[in-house]
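Notes to accompany the following structure.
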Amino acid sequence: MEFTLGILVDNEAGVLARVASLFSRRGYNIQSLAVGPTDDPGTSWITLRAEGEDAVRVQMQRQLAKLVEVVGVYHMTEGSSVERELALIKVRTDGGRRAEVMQIAQTFRAAVIDVSPRSVVLETTGDSGKVNALIEVMHEFGVLEVARTGAVAMLRGPGVFLEAQDDRSLPEDVLRTQAR
């Protein structure tokens with residue numbers, strides 16, 4: 001079973017390496033990892049997707065919360081968060097099938113961002129299911145190359161993860177470190 005964690009960390013050198021090594025030391029594979037600064041230049045938001053049962057997820061949340069640079073860890077469940085991924089897909093268009101590829105891309109709301117005599121590059125954004133579905137459909141034409149960002153996620157609704165440590169509007173499965 002896949003799970004997604006949102007991890008708020010201090011924006012410091014080496015933090016991402018410590019988060020990733022925590023998973024590798026325990027033999028867990030990270031499926032995707034995206035990180036970027038928040039509106040506060042002192043913090044960054046990591047969206048991490050991995051595989052494991054609930055017990056593995058809870059263990060990893062607790063281990064992450066122990067890291068000094070981690071401000072908080074949140075389990076990004078399907079109903080509580082918005083999750084998106086970006087993918088670039090290069091598709092073979094030999095034999096006059098370009099119009100068909102472009103029509104399918106339009107159905108998936110994918111943008112055509114490059115056209116050459118033998119290929120088309122598509123850009124798509126959506127949940128991983130949508131991205132996977134488009135890639136699967138394009139295999140019929142010949143997928144030459146795929147580049148994916150991995151998931152980025154954010155809480156739904158009025159709860160803001162970056163608010164004060166004692167904020168009661170956040171869901172129960174937010175693990176926070178000591179107040180700073």
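The values are calculated or read from the model by the stated rules, or taken from the named source; none is laboratory data. The model shown is predicted, which means the values in this text are computed figures rather than measured ones. Reconstructed Cβ throughout: ideal geometry from the backbone, glycine too, with neighbour counts over all protein chains shown.
Take the conditions (1) acidic (Asp, Glu); (2) within 12 Å of Ala153 (Cα to Cα); (3) surrounded by 17 or more Cβ atoms within 10 Å (Cβ to Cβ); Glu78 misses just one of them, which is (3).
Annotation: of all residues in segment 7-34 being closer than 16 Å to Val68 by Cα and of a type in the set (Gly, Ala, Ser), the one that is nearest to the chain's Cα centre (by Cα) is Ala20.
Conditions tested, residue by residue: (1) touching a strand residue (DSSP E or B) at 6+ places or on another chain (Cβ under 7 Å); (2) hydroxyl-bearing (Ser, Thr, Tyr); (3) not in a loop (DSSP other than H, G, I, E, B).
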site: Leu8; (1), (2), (3): yes, no, yes
site: Ala13; (1), (2), (3): no, no, no
site: Leu16; (1), (2), (3): yes, no, yes
site: Gly27; (1), (2), (3): no, no, no
site: Gln31; (1), (2), (3): yes, no, yes
site: Thr77; (1), (2), (3): no, yes, no
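Every residue in segment 25-51 that is at pLDDT 90 or above and among the small types (Gly, Ala, Ser), please. Within segment 25-51, Ser32, Ala34, Gly36, Gly42, Ser44, Ala50 meet the criteria. Scanning segment 81-98 for residues that are over 11 Å from the mean Cα position of the chain (by Cα) and either crowded, with 16+ Cβ neighbours inside 10 Å or not in a helix (DSSP H, G or I) (or both) turns up Ser81, Ala87, Leu88, Ile89, Lys90, Val91, Arg92, Thr93, Arg97, Arg98.
Report yes if Phe141 is assigned to a loop (DSSP other than H, G, I, E, B), modelled with pLDDT under 90 and buried (at least 17 other Cβ atoms within 10 Å of the Cβ), otherwise no. In short, no.
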